[in-house]
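One structure is given below, encoded as structure tokens.
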Amino acid sequence: NMRSTRIVTSFLTNNNKILILKRSDKVKSMQGLWSGVSGLIENSELPLDRAKIEIFEEVGLQENDLTLLKEAESVTVSSPQYRNHQWEIYPFLFETKNGKIKLNWENSDFKWVERMELKEYQTVPNLEDILLRLV
């Protein structure tokens, strides 16, 4: 039977660059891969609320640092690494004028990249596809 997990993935943009985060070796899954700001949606909470919580926890930006540019339909993703499991991903794009990033333990590095540069990084599954729904 297929298990499903609901996740938010947010992209932050600043001066037309996109923020990507390198998942640390302390997280449970996909260590060392580049991602947006992601987290599990808990129970009945709204995806947008979870997106803002994760952005604060993972990069230290407050709600008043952010402008929501776009929210896309959720996307279902599976990964060959995890059998019988799929993720339902809720994508968001935020703009920030504040490029000061303060990482917590969940990520080991960050980069502001051009959209076209994304393919040069080893990312979590379907990251570029998800971004394309937002831009």
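The values are calculated or read from the model by the stated rules, or taken from the named source; none is laboratory data. The structure presented is a predicted model; accordingly, all values stated were derived computationally and were not measured. Don't worry about glycine lacking a Cβ; one is built from the backbone with ideal geometry, like all the others, and counts go over all protein chains shown. Just so you know, the surface numbers come from the protein's heavy atoms only, side chains and all, with ligands and any DNA or RNA stripped out. Shrake-Rupley method; radii C 1.70, N 1.55, O 1.52, S 1.80 Å.
Ranking TYR82, TYR90 by solvent-accessible area of protein heavy atoms (1.4 Å probe, all protein chains present), from largest to smallest, gives TYR82, TYR90.
Going by a ≥ b ≥ c, the root eigenvalues of the Cα gyration tensor, does region 1-97 fall in the rounded group (a/c under 1.5), the prolate group (a/b larger than b/c) or the oblate group? Here region 1-97 falls in the prolate category. Taking GluC sites (Glu not before Pro) across region 1-77, the ones in a DSSP loop with at most 14 further Cβ atoms lying within 10 angstrom of their Cβ are GLU42, GLU45, GLU73.
Checking every one of the GluC sites (Glu not before Pro) in region 81-135 against DSSP loop status and a limit of 13 other Cβ atoms within 10 Å picks out GLU114. Heavy-atom accessible surface of THR76, to the nearest 10 Å², is about 90 Å², with a 1.4 Å probe and all protein chains retained.
Can you tell me the FRET efficiency between GLU114 and ASN84 if r is taken as the Cβ-Cβ distance and R0 is 35 Å, rounded to the nearest 0.05? After rounding, the FRET efficiency stands at 0.45.
Residues ARG83, ARG6, ordered by accessible area of protein heavy atoms at a 1.4 angstrom probe radius and largest first, appear as ARG83, ARG6. On the beta carbon distance between GLU57 and ASN1, with R0 = 25 Å, the FRET formula returns roughly 0.20. Only protein atoms count toward the accessible area here, which uses a 1.4 Å probe; on the chain, the carbon and sulfur part of that area reaches 45 percent.
Where only DSSP H runs of four or more residues are counted, the chain gives -4000 deg cm²/dmol as its mean residue ellipticity at 222 nm, each run worth -39500 (n - 2.57). Against the criterion of solvent-accessible heavy-atom surface with a 1.4 angstrom probe, ASP25, ASP65 sort, most first, into ASP25, ASP65. Of the beta bridges in region 1-99, as assigned by DSSP with both residues counted there, near 60 percent are antiparallel.
Using the 1.4 Å probe convention, the accessible area of region 82-135 works out to 62 Å² per residue with neighbouring protein chains retained.
Computed across region 88-135, the Kirkwood radius stands at 12.8 Å (inverse of mean 1/r, all Cα pairs).
The relative contact order of the chain, computed from alpha carbon pairs under 8 Å that lie at least 6 residues apart in sequence, is 36 percent.
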